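Step one of this worksheet: look at the structure below.
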Amino acid sequence: MADVILWDYKKRELIARLSLHKGKIEDVAFSPNDLYLVSLGGPDDGSVVVWSIAKREAICGSPAAGLNVGNATTVIFSGCRDEMFVTAGNGTIRVWELDLPNRKIWPTECQTGQMKRIVLCITMASDDCFFYLGTTSGDILKMNPRTKLLADSGPVKEKFSLGVSAIKCLKMVGLLVGSGAGLLIFCKSPSYKPIKKLQLQGGITSITLRGEGHQFFVGTEESHIYRVNFTDFKETLIATCHFEAVQDIVFPFGTAELFATCAQKDIRVWHTLSNRELLRITVPNMTCHGIDFMRDGKSIISAWNDGKIRAFAPETGRLMYVINNAHRIGVTAIATTSDCKRVISGGGEGEVRVWQIGCQTQKLEEALKEHKSSVSCIRVKKNNEECVTASTDGTCIIWDLVHLRRNQMILANTLFQCVCYHPEEFQIITSGTDRKIAYWEVFDGSVIRELEGSLSGSINGMDITVEGVYFVTGGNDHLVKVWDYNEGEVTHVGVGHSGNITRIRISPGNQYIISVSADGAILRWKYPFAS
């Protein structure tokens, strides 16, 4: 079942779950006086349902579109009447009348003549004299809801690139139109020529008016929300986040004020308390797999799928140096030593490489070839004399960084995703696709204990406090878990992610836990114990 959930916005609480639709809900709309809610089911469901808000129950329903046309995907209520709404989609535009005494809705198919269009969005004039539809073809249809006939359409020549994806009627007789190519324009019927225009980042997904439309908000596919003033038609970016899977998160040494994340083509630096983006570093058409701050805070070291290690200045985002051909099948993991003299990288082919970082030079010290497949996580011991690497080949290797050789190997029937040193550094903890959290002896690589880490799905991220009393994990069950290290018990569970958690970190000073996930989300949690 797919539920429509009714919320009390002021109190931030759930009022009712309305269950009728199967599989998916395409769109919902409130009637102008909030008497009714109409919901439109997805392709498997294909029905339109009208709900009474007071009684919190369905009044009536009907198949949304006729037999010989495609699915309806969008719905809007009349601007002034609670008894009329419009649905549209692939080759279908219908005006519906609600007949409350008989608990029925009556559809009338609108006539568009020779024009066959796939509708993406609808907007209704406040007096109901017309409604406008945005199409995949990049033009706008203007319909009369009384006669159900096409009044006009346009623009004739310069159609909107990648379709009209959002449209809003303004009180001062005009339209705000957003395209799939990120163009926002103000225009009027019948020419639909741009009177004002603005280019935004990412295809436009929504436009919401404030008051009469003197100011409005625009959302885009690249997770940007802009505020635009109508008079000067200038945008202000008010909120942003990643729009692809977040691969890594890291704090600078000793401060919880900032943190950095990476996803697909960009690295972003965030201000922790205000959730504001302070810096964005973009490398087009690449994917960043991992990041680390140098201990001195002078550079962000990053691992990329084109086999390069790139270093950036954290204040300006300036590229400081590039290590070309660092790994054959992309750089998959990265770590730095606390003396700022070395970078340790892991690759898709399984090699672990130690780089000497000088003022002007970056030199390969050693390539350690033991892992058989990609390196997923690297942690360095405090004294920089040892490090541990986890790999998807089912091994974790403890390396001697003084003599540059293998000290110890840990084997398990799993793809290791994460590893941590206990702060006293005589034990390490690991986890991965077998959902087990294992404690290992560093000295001889023997397993000390195993915990059932999750009921479903891989554990991808793990971090431990400086004191070593608690650690956190996150993975494909979407849950953040806080564990007592000695007891091996879960003390707290955080529910909030809607995608697989990819990485997780405890802030220096133990104030927050920050987790990142495959749906582009960054969640900040209050650390549950007084530090």
_Can you find, within the range 375-402, the residue that is farthest from I291 (Cα to Cα) among those that are open to solvent by 10 Å² or more (accessible area, probe 1.4 Å) and part of a loop (DSSP other than H, G, I, E, B)?_
V402
*asked:* Six or more apart or on different chains, Cβ atoms under 6 Å: show the pairs whose first residue is in the range 245-269 and without any contact (Cβ under 8 Å) to a residue 24 or more places away in the chain and assigned to a loop (DSSP other than H, G, I, E, B) and whose second is of a type in the set (S, T, N, Q) and surrounded by fewer than 22 Cβ atoms within 10 Å (Cβ to Cβ).
replied: E257/T272; K265/T282
*What pairs come up if the first residue lies in the range 188-203 and is open to solvent by less than 80 Å² (accessible area, probe 1.4 Å), the second is acidic (D, E), and their beta carbons are under 7 Å apart, counting only those six or more places apart or on different chains?*
S189/D152; L198/E235; L200/E235; G202/E221; G202/E222; G203/E221
*asked:* Please determine whether any residue of the range 331-345 is among the small types (G, A, S), in a strand (DSSP E or B), in contact with a His (Cβ under 9 Å, 6 or more places away or on another chain) and closer than 20 Å to C420 by Cα.
replied: yes
*asked:* Restricting to the range 280-307, and then to whatever is buried (at least 17 other Cβ atoms within 10 Å of the Cβ) and hydroxyl-bearing (S, T, Y), can you tell me which residue is farthest from S223 (Cα to Cα)?
replied: S299
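Yes/no matrix, rows are residues, columns are (1) part of a strand (DSSP E or B); (2) touching a Ser or Thr at 6+ places or on another chain (Cβ under 8 Å); (3) in contact (Cβ under 8 Å) with a residue 24 or more places away in the chain:
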| position | (1), (2), (3) |
| --- | --- |
| C418 | yes, yes, yes |
| G445 | no, no, yes |
| G457 | no, no, yes |
| T473 | yes, yes, yes |
| E487 | no, no, no |
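Can you find a residue in the range 321-335 that is of a type in the set (A, V, I, L, M), in contact with a Pro (Cβ under 8 Å, 6 or more places away or on another chain) and crowded, with 24+ Cβ neighbours inside 10 Å?
no
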*Being surrounded by fewer than 22 Cβ atoms within 10 Å (Cβ to Cβ) and aliphatic (A, V, I, L, M) is the filter; apply it to the range 168-184 and report the residue that is nearest to C129 (Cα to Cα).*
V173
*Kindly indicate whether any position in the range 503-524 is farther than 15 Å from N460 by Cβ, without any contact (Cβ under 8 Å) to a residue 40 or more places away in the chain, open to solvent by 10 Å² or more (accessible area, probe 1.4 Å) and not β-branched (V, I, T).*
no
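Just to verify a result, which residue in the range 208-217, among those that are part of a strand (DSSP E or B), open to solvent by 10 Å² or more (accessible area, probe 1.4 Å) and closer than 17 Å to D232 by Cβ, is modelled with the highest pLDDT?
It comes out as F217.
The values are calculated or read from the model by the stated rules, or taken from the named source; none is laboratory data. What you see is a predicted model; the values in this text were computed from it and never measured. Every residue, glycine as well, gets a Cβ built from its backbone with ideal geometry; the counts of neighbours run over all protein chains shown. Only protein heavy atoms, including side chains, enter the accessible area calculation; ligands, DNA and RNA are left aside. Shrake-Rupley method; radii C 1.70, N 1.55, O 1.52, S 1.80 Å.
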